[in-house]
1. With +1 on each Lys and Arg Cβ and -1 on each Asp and Glu Cβ, how big is the dipole of segment 31-156 about its Cα centre, in debye rounded to the nearest 20?
2. GLN161's amide H: which non-local residues (gap 5+, or another chain) put their own amide H closer than 5 Å, with H modeled 1.01 Å from N in plane and none for Pro or chain starts?
3. For SER153 and SER139 in one chain, what is 0.36 nm times their gap in residues minus the Cα-Cα distance, to one decimal in nm?
4. Could you give the length gained by full extension between ASP102 and LEU166, i.e. 0.36 nm per residue of separation minus their alpha carbon distance, to one decimal place?
5. Pop a pseudo-label 7 angstrom from the Cα along the beta-carbon direction at both SER37 and ASP57 and give the gap in nm to one decimal.
6. Between GLU146 and ASN89, 0.36 nm times their residue separation minus their Cα-Cα distance comes to what?
7. If you count only protein heavy atoms and use a 1.4 Å probe, how large is the accessible surface of MET116, to the nearest 10 Å²?
8. Using θ = phi - 60° and the Karplus form 6.51 cos²θ - 1.76 cosθ + 1.60, what ³J(HN,Hα) does each residue of segment 37-51 get, whole Hz, x for Gly and Pro?
Amino acid sequence: MKRLFSIAAALMLLIAAVMPAAALDFDPYRADVSWESEKAPEGTVWLDILIKLPKSDEAYTDFGAPPRRIKRGYLDKSENTVYEYESLNVNADSEIACYDKDGYVSLTCHYRGLRMMTVNGSEKDGYYNNVKQELDLYSGYCTTEELYEKYGSFRAAYVDQNGQVLGVANVFEEMYKPDEPYALVAQGGRLVFRISGTGFGDVIEKMLRYGLIAVLITVIAAAAAAVILLIRRKPDEDKGE
């Protein structure tokens, strides 16, 4: 009986090694958007995501919701945070709205499933000294990860307050980080799509998909070794039960 409990404990250790990531359930319809200010073109106010969205796609719209920026925030009488917003000077005639290169167009201006792109102020307001935004999609349309799976790799455009494109990050890479929310981070000419985990099975599947099989094998091997050691315990220990 003692051996049975020991084996069960070892298996629990295996599950515990993966479950911390699986326990985190980030909203797949939202993603942090940030860019390193030191590597961005001068005059950059916000970062737009570019996707290969053809005009024939049912999710395409001639012009969607322009980005908004937090003007100020304060606590109301109930100590709830309240924000006031201002719209950036972006319209259907702006350069970002007319941008179309290699099939890539503005997600903010042309994807019908975008609810809002919010810029959290004009100052550095995020992790790693980045300017931070939030991309918010409507449920019922694609999640951020489904957008990637459907339309392929993203690009990013550095844009000023009037919708002028100042530069484009066209080198794309993906990164799987199960313990952090979905994010799109521009670092000069490179855009990184950080993909999160949403459940135990999903974490395993993504580890396989995004090249983390070595990590998974190491965890399983360590747990298996622990089980083998417990099974091979001296017979005398069991006789003493």
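The values are calculated or read from the model by the stated rules, or taken from the named source; none is laboratory data. Bear in mind that the values here come from a model prediction, so they are computed numbers and not experimental data. Neighbour counts are summed over all protein chains in view; Cβ atoms, including those assigned to glycine, are modelled from backbone coordinates with ideal geometry. Heavy atoms of the whole protein, side chains included, go into the accessibility calculation; ligands, DNA and RNA do not. Shrake-Rupley method; radii C 1.70, N 1.55, O 1.52, S 1.80 Å.
1. Numbers: 15 positive and 23 negative charges, 19 e Å.
Dipole size: approximately 100 debye.
2. VAL45
3. Gain on stretching SER153 to SER139: 2.9 nm.
4. So the extension gain works out to 21.3 nm.
5. Here the modelled spin labels are 3.2 nm apart.
6. On the way: separation 57, 0.36 × 57 = 20.52 nm, distance 2.97 nm.
Roughly 17.5 nm would be gained on extension.
7. For MET116, solvent-accessible area is about 40 Å².
8. 4, 5, 9, 8, x, 4, x, 5, 10, 8, 10, 9, 9, 10, 9
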